[in-house]
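> Submitted below is the structure of interest, expressed as structure tokens.
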Amino acid sequence: MTVGTTHSGKTTFANLLEKRLINSVVIDQDVQGEFLEKHYPSLLPEKGPKILKFALSQTVVEFAIHKTDNHFILCNSNRQKQPRLNLIEKFKKEGFQTLIVNFDLPLDILKDRIKNSHRDTTILRNVSNYDEVLDIQLKQTKIEGFTPPTEDEVNHLFTITNETDVKTVIEKIINLV
């Protein structure tokens, strides 16, 4: 599972790990969001919770758990502690080993990545750009419940604080498997 703010490298990391880790799949809610925006925009409410995206993601996860033998790379922000713990507990009950890769990059790097990003903004609903997403996420960090992961949450915890950590963490994960 990845944990981090927008533009911290979660998707890039997940895709790199998927290429290296045999029999793995990235499950990314943004992918489900893009699919729904493209094919079912009239089903998406303009405001409020993203219920359909969440339901579609849950369906993909359930299928992956019960119909495949893949390693799962959950690529989402997963910044809220209780929902993160609920998901981790679900996988533990299914017999999976769990790990978190926490992305804790300096703010100047995140802002620079956003500035130079060409990422599509059509999946954004209540904001118009990723600067606003980051601002919201930084404010949320000060609210109880938006806490970084701790070692007691999972079997293995890794933290990425700079781009050079990516290769090392991927190698450690490959060696674990």
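The values are calculated or read from the model by the stated rules, or taken from the named source; none is laboratory data. No experiment lies behind these values; they were computed from the predicted model shown. With ideal geometry, Cβ positions are generated from the backbone for all residues, glycine too; neighbour counts draw on all protein chains shown. Note: accessible area is taken over every heavy atom of the protein model, side chains too, but ligands, DNA and RNA are not part of it. Shrake-Rupley method; radii C 1.70, N 1.55, O 1.52, S 1.80 Å.
> Once phi is turned into ³J(HN,Hα) by the Karplus curve 6.51 cos²θ - 1.76 cosθ + 1.60 with θ = phi - 60°, what whole-Hz value does each residue of the stretch 143-148 show in order, with x for glycine and proline?
9, 4, x, 9, 10, x
> Can you tell me what share of the DSSP beta bridges in the chain is antiparallel? A percent to the nearest 5 is fine.
Working: 0 of 11 bridges.
If I count the DSSP bridges inside the chain, around 0 percent turn out antiparallel.
> Leaving out ligands, DNA and RNA but keeping every protein chain, what accessible area does Phe35 have, in Å² rounded to the nearest 10, with a 1.4 Å probe?
90
> Amide H to amide H under 5 Å from Phe103: which residues, 5+ apart in sequence or cross-chain, H placed 1.01 Å off N in plane?
Answer set, sorted by chain and number: Val3, Gly4, Ile160.
> Which of these, Asn78, Asn129, Asn86, has the largest mean-square fluctuation under a Gaussian network model of the chain (Cα springs below 10 Å)?
Of Asn78, Asn129, Asn86, the most mobile in the Gaussian network model is Asn86.
> For the stretch 24-85, with all protein chains present and a 1.4 Å probe, just round the carbon and sulfur fraction of the accessible area to a whole percent. Let's see the in-between values first.
Working: 2190 of 3830 Å².
Carbon and sulfur atoms account for 57 percent of the accessible area of the stretch 24-85.
> Take the chain, drop everything but the C-alpha atoms, weight them equally and run the Debye formula without solvent; then report log10 I(q)/I(0) at 0.11, 0.19 Å⁻¹ to two decimals.
Ignoring solvent entirely, the Cα scatterers give -0.48, -1.54.
> Figure the gain on full extension for Gln97 and Asp131 (residue separation times 0.36 nm, minus the Cα-Cα span) and round it to one decimal in nm. If you can, show how the numbers build up before the last one.
On the way: separation 34, 0.36 × 34 = 12.24 nm, distance 3.48 nm.
That pair, Gln97 and Asp131, stretches by 8.8 nm at full extension.
> Provide the per residue accessible area, probe 1.4 Å, for the stretch 1-133, rounded to a whole number of square angstrom. Mind showing how you got there, number by number?
Details: 7830 Å² over 133 residues.
Per-residue value: 59 Å².
> With label points built 7 Å along Cα→Cβ from the Cα atoms of Val25 and Lys111, find their separation and express it in nm.
Using points 7 Å along Cα→Cβ, the separation is 4.0 nm.
> Work from the charge dipole of the chain (Cβ charges, +1 for Lys and Arg, -1 for Asp and Glu, about the Cα centre) and give the residue of Asn162, Asn175, Ser117 farthest towards its positive end.
Ser117
> Accessible surface of Lys38 in the full protein assembly, 1.4 angstrom probe, to the nearest 10 Å²?
Accessible area of Lys38: about 150 Å².
> Compute the distance from the alpha-carbon center of the stretch 110-167 to that of the stretch 28-63, in whole Å.
Value for the Cα centre distance between the two parts: 20 Å.
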